[in-house]
Amino acid sequence: MNPSRRVPGWLASILGTVGLVLAWWLFSVLAFRPDPGTTYDPVPSPLAVGRQILDDGLSAYWDFFSVTVHEAAVGFLWGNGLALLLAATVLLVPRIEPIVVQVAVVSYCLPLVAVGGISIVALGGATEPGDPSTTAIFLAALSVFFTTVVGALLGFKAADRASLDVVRVFGGGRVRQLVKVRLVAALPAVLNALQVAVPTSLLGAVLGEYMGATDRSVGITLIRLQGQLDSVRVWAVFLLCALVALAGYAAFGLLARLVTPWVSGRGTA
């Protein structure tokens with residue numbers, strides 16, 4: 001396809017958002033309607049959800065969202081930090097690559113719900129009311145580990161062979177190659193992995209909160225609202241979760257464009 005005929009990214013985002021909202025509205029109107037004699041609406045319309053958020057005020061939601069965002073952020077830092085450290089270690093000690101890859105694959109294959117049940121027993125939840133849950137942080141870190149390890153390894157191996165040879169000719173070893181060549185070559189892949197890890201870490205944190213041992217978080221709030229059959233606020237929390245994840249995803253996308261302009265072609269004349 002001719003690049004000039006491609007749909008711009010901003011337009012594709014707008015069209016995708018409009019399509020999702022339209023599909024949501026159609027499902028709420030046509031497929032999911034309150035049963036006769038009841039007022040419970042399993043899929044409220046986007047307008048009803050938006051009105052509920054405005055009536056409640058964002059401050060009412062931020063009270064528990066702040067805890068979940070904190071958990072996701074800490075898990076994001078721990079999971080990605082460990083993944084990047086192991087990926088860099090593989091370049092210095094290539095023999096351990098099969099071990100690191102196997103550990104990453106196993107972490108990806110583990111069901112988070114089962115791991116969460118074990119974690120809540122071993123690690124516990126929030127130590128004090130309103131504190132972040134240790135289990136939620138652990139699941140957030142676990143959920144981002146695999147993609148960052150794989151992305152970083154692929155990025156490090158994408159380094160230009162000629163540039164590596166130049167460093168070697170001038171007496172540089174694996175550490176100098178890592179610092180001077182491989183890190184720069186890996187930046188696009190690493191930033192893309194971190195971009196994907198933002199919504200994944202939020203999901204891991206929410207799943208960890210479903211395990212309990214917390215009194216103020218998105219997960220426990222959803223459990224309470226579901227028990228009260230308050231479908232409008234349940235969908236409001238879902239929508240805000242999506243917006244928070246989208247904001248983080250977009251922020252890392254912008255960071256990637258600024259740090260690696262050569263990938264998008266903006267760094268060329």
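The values are calculated or read from the model by the stated rules, or taken from the named source; none is laboratory data. This is a predicted model, so every value here is computed, not measured. Cβ sites come from the backbone with ideal geometry, for glycine too, and all protein chains shown count toward neighbours. Calculation scope for accessible area: heavy atoms of the full protein, side chains included, ligands and nucleic acids excluded. Shrake-Rupley method; radii C 1.70, N 1.55, O 1.52, S 1.80 Å.
A few comments on the model shown:
- The angle separating the long axis of helix 97-109 from the principal Cα axis of greatest extent in the chain is about 10 degrees.
- Apolar share of the accessible surface for the chain: 69 percent from carbon plus sulfur atoms, 1.4 Å probe.
- Glu128 versus Asp230: modelled label distance in nm, points set 7 Å from Cα along the beta carbon direction: 2.6
- Once both labels are positioned 7 Å from their Cα atoms along Cα-to-Cβ, the gap between Ala48 and Leu154 label points is 4.2 nm.
- Residues of the chain: accessible area per residue with a 1.4 Å probe, Å²: 57
- Working note: Karplus 6.51/-1.76/1.60 with θ = phi - 60° gives the stretch 7-13 the couplings 6, x, x, 5, 5, 4, 5 Hz, where Gly and Pro are set to x.
- Normalised by 2.2 N^0.38 Å, where N is the number of residues, the alpha-carbon radius of gyration of the chain equals 1.21.
- Helix 231-259 axis versus longest C-alpha principal axis of the chain: approximately 20°, rounded to the nearest ten.
- Residue-averaged 222 nm ellipticity for the chain, from DSSP H runs of 4+ at -39500 (n - 2.57), nearest 500: -24500 deg cm²/dmol
- In this structure Phe138 has an accessible area near 90 Å², from a 1.4 Å probe over the protein heavy atoms.
- For the chain, the longest principal axis of the Cα atoms and the long axis of helix 218-227 meet at an angle of about 30 degrees.
- 3J(HN,Hα) from dihedral phi, the stretch 65-79, Karplus parametrisation 6.51/-1.76/1.60, rounded to Hz, x for glycine, proline: 5, 4, 5, 5, 4, 4, 4, 5, 5, 5, x, 4, 5, 5, x
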